[in-house]
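Contents: one structure, followed by commentary.
The values are calculated or read from the model by the stated rules, or taken from the named source; none is laboratory data. This is a predicted model, so every value here is computed, not measured. We place every Cβ from the backbone using ideal geometry, glycine too, and count neighbours over all the protein chains shown. Heavy atoms of the whole protein, side chains included, go into the accessibility calculation; ligands, DNA and RNA do not. Shrake-Rupley method; radii C 1.70, N 1.55, O 1.52, S 1.80 Å.
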Amino acid sequence: MSIIVTESLTRTYGRRRGIDSVSLRVSEGALFGFLGPNGAGKTTAIRVMVGLLRPSAGTARIFGLDCWRYSDSVKAEVGYMPGDLRLHAWMDGNQALRIWEKVRRRDLLPYGRDLAQRFDLDLTVKVRRMSRGMRQKLGLILALAHKPRLLILDEPTVTLDPLMQAAVHRLLREMAAAGHTVFFSSHTLGEVEQLCDRVAVIREGRLVADESLDALRQRAGHQVTIRWRDNAAASAEPPPFLKIEPPNGLVWSGMLNGPVDQFIAWLAHRPVDDMSISRPDLETLFRSYYASQGSGS
């Protein structure tokens, strides 16, 4: 079952494009990463999905309901933390949970306090005295406290230290394993690689990829590093299936765009001192998508 479905979703701001013809399907129980640098359109797409912005064209549906026409029903089962989180300075964490209880019409304090303990957050501290990381934790607690069917997070761990990021990741994996869906926007590529099983890449308001991490890596080829034994080999011309960066002494680094056995056969009788071959990480994949699309897409 698809929890989120967008079809040709477009949102413009006068003459400026926010997102253009974004079509996505996010399955129930998925950990879905939404990737792109700042200004790519991630936040605009999310705000349309949660009913804060009306689409200029196309549709967005969550739980089968139009996100704009039935925004109240959608919001009841969605947990959302915006990237520009703002909280009233006068309240503390307990007061924030009580306010959210009235909005949600549910008892949120017991689970909210459990989450605060898990995230090591003192709920008696006023927002005005909280660090950015503490406010981020409180935002996560408020998004999670009603145990939503769908959790939409816009850059949720950007101010958290690595240990707390790991704690949040564990909780999100537990939610997905229990059947909840997590839609996770980020430009921190290593984080998405650790957490998500499927990603979409957005560039200048348009999707340039939407597939599993494994499929992305399969299509992207392999990273290779060769350390040659002598300068003659290092200065030779690479074969057409190897795209090599400018050599660093005896070392070649680049991408293999062809079968691995063809590469091994080509190396077999050459003076190689050492060699490594691996799938590219998400950082490399992300850059390759942006470079391949060019500035006019």
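Before moving on, here are some points about what is shown:
- Every residue from the range 175-199 that is open to solvent by less than 20 Å² (accessible area, probe 1.4 Å), over 18 Å from GLY29 (Cβ atoms) and either free of Cβ contacts under 8 Å to residues at least 40 places away in the same chain or of a type in the set (A, V, I, L, M) (or both): LEU189, GLU191
- Of the set (1) touching a Lys or Arg at 6+ places or on another chain (Cβ under 8 Å); (2) of a type in the set (Ser, Thr, Tyr); (3) more than 27 Å from THR10 (Cα to Cα); (4) open to solvent by less than 30 Å² (accessible area, probe 1.4 Å), all apply to THR157 but (1).
- Flag if THR59 is touching a helix residue (DSSP H, G or I) at 6+ places or on another chain (Cβ under 7 Å), modelled with pLDDT of 95 or more, polar (S, T, N, Q) and farther than 22 Å from CYS196 by Cα: no
- Between GLU211, GLU204, the distinction of being under 24 Å from ILE277 (Cα atoms) and either open to solvent by 20 Å² or more (accessible area, probe 1.4 Å) or more than 19 Å from the chain's Cα centre (by Cα) (or both) belongs to GLU211 only.
- Among the residues of the range 69-80, those that are at pLDDT 95 or above and open to solvent by less than 50 Å² (accessible area, probe 1.4 Å) comprise VAL78, GLY79.
- The range 185-233, subset outside any strand (DSSP E or B) and acidic (Asp, Glu), residue modelled with the highest pLDDT: ASP230
- Checked against the criterion of being over 25 Å from the mean Cα position of the chain (by Cα) and buried (at least 17 other Cβ atoms within 10 Å of the Cβ), the range 120-128 has at least one qualifying residue.
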